[in-house]
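The values are calculated or read from the model by the stated rules, or taken from the named source; none is laboratory data. Just so we're clear, the structure is a prediction, and the values are computed from it rather than from any experiment. Heads up, the Cβs are rebuilt from the backbone with ideal geometry, glycines too, and the neighbour counts pull from every protein chain shown.
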Amino acid sequence: MSGGRYVVLQDRGVLAVGGPDRASFLQGLVSNDTARISDERAIYAALLTAQGKYLHDFMLAGADEAIWLDGEAARLADLKRRLSMYRLRSKVTIDERPDLTVAALFGGPTLGLPAEPGTARRLGDGIAFIDPRLAALGVRVIAPRKTIRPTFSEAGAEEADFAEYDRCRLGLGVPDGSRDLVLEKSILLESGFDELHGVDWQKGCYIGQELTARTKYRGLIKKRLFPVRIDGPAPASGSVITAADGHEAGEMRSSRDGIGLALLRLEAVAAGATLSVGDAVLKPATPQWLRLPE
């Protein structure tokens, strides 16, 4: 239980959804099955437009009489506003929790949790859970700001900077919210949400469910997010990627220190095409978790 490195994720914030209808309220809105949330299970999910396009993604963990949403801090007010629009007669409360913060422990130790995505337990006044997207991303902790660093220190973990954790994420090919997904444009299945446990195919309807299901069962995905090695200057997010024949092959997303994510056409990746953005050459890799069509 000791060792490892942790980073306090300053770009994350917490919403608390309380009240007796909290699980059923969220069930009709988000892409995953909120009935699975418990003291021992956290999940990953998204809120979509009616057309099935990305708006927000977040992690949800059970906290006594509430569900805590770990989302993007800069967009937390927008997430609260959008959820509140659907509250109607539901017996729920939706509150920002600036007293709480989010951290990630990576590099080996799991605070006594089995290394299975989403497994959770209470940790003092907070919650610890294996990242529900991918166990290789380590442990997420939601806890009071004033105690989170002492908690990790007691566990023998050393604080790292965000860049170290970001390089780990990029190498694994996992998107980071609106840094890698375009608001009201990105499609979940292009962005790995199926393999990263962000969609439940057995639950009932939710906003954007029809298009998401149609995309899966009709095999309509032509592009996917891939981790890429960058030889040359880092391209800006949104830069157009071209193949050697001059045809457009995709679009750049976030990057750091010679590694990044890119939304690439599957046919270009399958053909082994040379990909470039300006003076930079990109070499895509396929993570073990990524399932591609034959």
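The figures follow:
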{"item": "Selected residue [in contact with a helix residue (DSSP H, G or I) (Cβ under 7 Å, 6 or more places away or on another chain) and among the aliphatic types (A, V, I, L, M)] from Ile94, Ile130", "result": "Ile94"}
{"item": "Residue that is surrounded by the fewest Cβ atoms within 10 Å (Cβ to Cβ) [pool: residues in region 245-294 that are under 23 Å from Leu188 (Cβ atoms) and charged (D, E, K, R)]", "result": "Glu294"}
{"item": "Options Gly138, Gly177; residue that is crowded, with 24+ Cβ neighbours inside 10 Å, in contact (Cβ under 8 Å) with a residue 40 or more places away in the chain and within 14 Å of the chain's Cα centre (by Cα)", "result": "Gly138"}
{"item": "Index of the failed condition, Gly124 passing every other in (1) at pLDDT 95 or above; (2) exposed (fewer than 15 other Cβ atoms within 10 Å of the Cβ)", "result": "(1)"}
{"item": "Test: Asp131 is within 20 Å of Tyr44 (Cβ to Cβ), surrounded by 18 or more Cβ atoms within 10 Å (Cβ to Cβ), acidic (Asp, Glu) and touching a Gly at 6+ places or on another chain (Cβ under 9 Å)", "result": "yes"}
